[in-house]
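The values are calculated or read from the model by the stated rules, or taken from the named source; none is laboratory data. In this text, all values refer to a predicted model and were calculated from it rather than measured experimentally. Don't worry about glycine lacking a Cβ; one is built from the backbone with ideal geometry, like all the others, and counts go over all protein chains shown.
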Amino acid sequence: MGFNQSKVKIESLERNQKLLVKQNADMAKQLNAQEEVSNRQYKTTFDQMAAILSAVSQSKASETVINDEKSEIEIAGTTYEILQYVNRGGFGTIFKAKVKNTGRIVAIKVIENAPGIEAEIKNEINFLRLTKRIQIDNHPIIEYRGSRLTKDGIFIAMEFALCDLYTFWKNKTFPAIEEITVFGMIIIVYVLRALAFLEKLNIVHGDIKPQNIVLVPNEQYFCIKLVDFGSAEKMNTQRMQLTVDADKVHTAFFVSPEFLRYDSKNRVSRQLHKTSDAWAAGVMFYLLFCGEFPWNDERAYRRFCNDPHAEDVAVPEAGGYRMIIEFLLKKNPDERSSATETLIQLKAHPEFGKIIESLHQNFCPVYDVCNMTVPNDVREELIKLARPGYYTGSFVALPSKTTDETRRSCRYGQKCYKTGGDHREKFSHPGDLDYHESEVSSSEVAENKQCRYGAYCYRYVTLCYFINNFGYLTTVTSHTSILILVLPQ
């Protein structure tokens with residue numbers, strides 16, 4: 001009798017197991033079918049973006065050639081034939097040109113010789129030259145081809161872009177709300193990718209806006225790249241802010257609040273933060289998706305920057321991008337999300353993450369910059385690009401008659417356990433005359449560091465609870481790698 005009952009129970013368990021296997025197989029088929037539909041939708045959207053880009057380029061192709069006798073110029077051993085005027089950028093005029101022997105299309109940037117701009121020109125050329133040496137697919141910085149100084153001006157040959165982001169967005173047509181989401185995500189993701197590349201180099205562009213973000217065709221579609229690096233600044237890796245010269249170029253609304261904030265002497269502080277470009281990206285996304293700036297005019301924006309009680313920008317629902325934009329538009333730069341952090345959050349998002357993965361596989365790489373390796377020789381040369389300026393919370397000289405060396409305030413303060421002479425020579429501590437607690441950010445101490453996204457954070461790991469032998473239940477937690485096994489009873 002007992003044997004028969006056991007046999008019946010075993011047969012029942014086997015039937016249940018077969019049923020579970022069939023259900024899992026059916027579910028897998030449904031998921032695969034849904035994924036195929038999503039991929040087809042993304043492919044259609046990519047093709048539509050390429051069509052818009054093609055239409056924009058064709059409309060520009062009818063522009064007048066600068067003269068009947070096309071001018072030529074030799075740059076870095078290559079002869080270029082200048083074809084037509086394109087537009088005027090922040091630091092010069094852009095012409096469309098082609099390599100005389102091959103017909104390859106390029107852009108020639110012409111900058112007139114004028115006093116006071118030598119540093120900006122040299123800065124842009126050096127930066128473009130160095131970033132070209134960093135090996136990465138679909139490079140997010142416009143490609144540098146060479147430069148030449150003449151009596152008429154400075155000529156810089158670079159990769160040709162079909163249009164800037166502002167022009168592209170004006171020519172957009174979105175038949176369906178789903179396509180708005182994908183279009184918007186493509187722009188957000190690849191702008192953030194470009195800025196994350198700069199963050200990896202501790203570079204602040206300083207003039208991020210739709211006109212300085214261009215679309216460059218590649219083999220299949222196109223990629224989004226940054227241009228105009230005349231105002232770029234190399235940041236000190238140990239400081240979060242840099243004060244720049246009074247003639248620093250900036251664009252209203254896109255320049256961050258810390259730049260326009262008045263100091264104790266009622267002067268514009270002109271401070272750049274490591275997240276200043278992220279602020280500009282947030283304003284740009286707000287403008288593109290909401291159709292207007294968050295402020296009525298420049299005066300209202302300056303009041304916002306200098307009002308200590310002004311609340312952060314209230315972002316309306318814009319294609320589902322509200323959370324992204326709000327974290328980029330934090331008025332306090334220490335609370336502001338960086339481009340890299342935002343990119344990682346989007347990758348972990350349950351919905352946006354699927355789009356990003358599809359982009360990464362079918363369009364061009366997305367999160368490769370987060371793990372990018374910068375050659376040491378490039379880092380060393382980038383340090384030389386640092387221009388005159390001083391860092392907020394800069395080093396304080398030791399009260400010593402025998403040395404001009406300076407010490408930094410130890411981030412661990414009273415909790416520091418290092419008593420060696422070498423450490424004490426390099427770092428000041430509470431009780432020392434040159435110790436400044438304001439230099440030390442509490443976020444630098446790992447045990448006090450909290451996720452800026454709080455309940456909105458999507459960076460989680462899965463906890464698997466194995467129940468008997470027939471399945472599992474999953475739940476999630478934040479920023480913790482834990483695996484809990486529940487063994488069969």
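In segment 100-131, which residues are without any contact (Cβ under 8 Å) to a residue 12 or more places away in the chain and either assigned to a loop (DSSP other than H, G, I, E, B) or aliphatic (A, V, I, L, M) (or both)?
Thr102, Gly103, Arg104, Ala114, Pro115
Do you know which of the residues in segment 99-131 that are among the basic types (Lys, Arg) and within 31 Å of the chain's Cα centre (by Cα) is nearest to Arg379 (Cα to Cα)?
That would be Arg129.
Conditions (1) over 24 Å from Asp164 (Cα atoms); (2) in contact (Cβ under 8 Å) with a residue 24 or more places away in the chain; (3) surrounded by fewer than 12 Cβ atoms within 10 Å (Cβ to Cβ); (4) not aliphatic (A, V, I, L, M), marked per residue:
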site	(1), (2), (3), (4)
Phe293	no, yes, no, yes
Tyr301	yes, yes, no, yes
Phe304	yes, yes, no, yes
Pro308	yes, no, yes, yes
Val313	yes, yes, no, no
Tyr321	no, yes, no, yes
Leu329	no, yes, no, no
Glu335	yes, yes, no, yes
Glu341	yes, yes, no, yes
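Going through Ser338, Ser358 one at a time, which residue ends up being touching a helix residue (DSSP H, G or I) at 6+ places or on another chain (Cβ under 6 Å), at pLDDT below 90, polar (S, T, N, Q) and under 27 Å from Asn218 (Cβ atoms)? It would help to see each step written out before you state the result.
Values: Ser338 fails: at pLDDT below 90.
Result: Ser358 is the single residue among Ser338, Ser358 that is touching a helix residue (DSSP H, G or I) at 6+ places or on another chain (Cβ under 6 Å), at pLDDT below 90, polar (S, T, N, Q) and under 27 Å from Asn218 (Cβ atoms).
To keep it simple, each residue is scored yes or no on (1) over 23 Å from the mean Cα position of the chain (by Cα); (2) modelled with pLDDT of 80 or more; (3) buried (at least 17 other Cβ atoms within 10 Å of the Cβ).
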site	(1), (2), (3)
Asn138	no, yes, yes
Ile141	no, yes, yes
Gly146	yes, yes, yes
Thr150	yes, yes, no
Ile156	yes, yes, yes
Ala161	no, yes, yes
Asp164	no, yes, yes
Phe168	no, yes, yes
Pro175	yes, no, no
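Checking the structure you have, find out if any residue of segment 132-141 is closer than 24 Å to Leu329 by Cα, among the basic types (Lys, Arg) and not in a helix (DSSP H, G or I).
Looking through segment 132-141, none of the residues is closer than 24 Å to Leu329 by Cα, among the basic types (Lys, Arg) and not in a helix (DSSP H, G or I).
Going by what's in this entry, would Ala119 be described as out of contact with any Phe, Trp or Tyr (no Cβ under 7 Å at 6 or more places or on another chain) and of a type in the set (Gly, Ala, Ser)?
Taking the combined requirement at face value, the residue satisfies it.
Residues that are under 17 Å from Thr342 (Cα atoms) and among the polar types (S, T, N, Q): does segment 269-277 have at least one?
Looking for residues that are under 17 Å from Thr342 (Cα atoms) and among the polar types (S, T, N, Q), one finds at least one in segment 269-277, hence yes.
Could you figure out which of (1) more than 30 Å from Arg408 (Cα to Cα); (2) at pLDDT 90 or above; (3) not hydroxyl-bearing (Ser, Thr, Tyr) isn't true of Val204?
Of the numbered conditions (1) more than 30 Å from Arg408 (Cα to Cα); (2) at pLDDT 90 or above; (3) not hydroxyl-bearing (Ser, Thr, Tyr), the odd one out for Val204 is (1).
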